[in-house]
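This report refers to the structure that appears directly beneath it.
The values are calculated or read from the model by the stated rules, or taken from the named source; none is laboratory data. These numbers were taken from a predicted model, which means no experiment stands behind them. No Cβ is skipped: glycine too gets one built from the backbone with ideal geometry, and neighbour counts run over all protein chains shown.
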């Protein structure tokens, strides 16, 4: 399947958010499934919302919610996570109708995560490829993930893992306590609005 065949996903995500904001019915599910049968595949999706950049500033995160494992169809996961990113990300207030035209949408379709075996931090550094791999870190009941795009903001291995440990609710240097690590890759689709 060609990557550009996934471009419809950002449109689906935007319409799903607008539906929730306005109560309008914008998504014709039957038509979408008929025209794009791959939407019925079980896939895990992250939806990231960013405020458009102003005056040469970088875009600002406005919401990001996703699934790590494929439990719903690509269509269902995109709709669910788009709405969750817009209205349920605890870091932000719910998106308003006034903001929708100033938001860009990025969809990340995840591969199935693979658990990696390592004994030392050096081994871990040799396995994980920055900018390519998303990382899931788990220790006991604490768990967090960073998409591969987070490497753009945190390109240093140590700092990347310090932030990931903290996101999981663990100490900054939790990587030295040998947490479970899984890696995955993503297909990224960004809207062109």
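Results, tabulated for the structure shown:
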quantity	calculated
Yes/no for residue 26 being in contact with a helix residue (DSSP H, G or I) (Cβ under 6 Å, 6 or more places away or on another chain) and either loosely packed, with under 14 Cβ neighbours inside 10 Å or assigned to a loop (DSSP other than H, G, I, E, B) (or both)	yes
Residue 106 vs. criteria under 20 Å from residue 61 (Cα atoms), assigned by TED's automatic domain parsing to the domain that holds residue 41 and more than 21 Å from the chain's Cα centre (by Cα)	no
Failed item, numbered, when residue 137 is tested on (1) free of Cβ contacts under 8 Å to residues at least 60 places away in the same chain; (2) part of a strand (DSSP E or B); (3) surrounded by fewer than 20 Cβ atoms within 10 Å (Cβ to Cβ)	(3)
Subset of segment 166-179 that is surrounded by 14 or more Cβ atoms within 10 Å (Cβ to Cβ) and under 20 Å from the mean Cα position of the chain (by Cα) - its residue that is nearest to residue 48 (Cα to Cα)	167
The one condition in (1) farther than 25 Å from residue 104 by Cα; (2) free of Cβ contacts under 8 Å to residues at least 60 places away in the same chain that residue 164 fails to fulfil	(1)
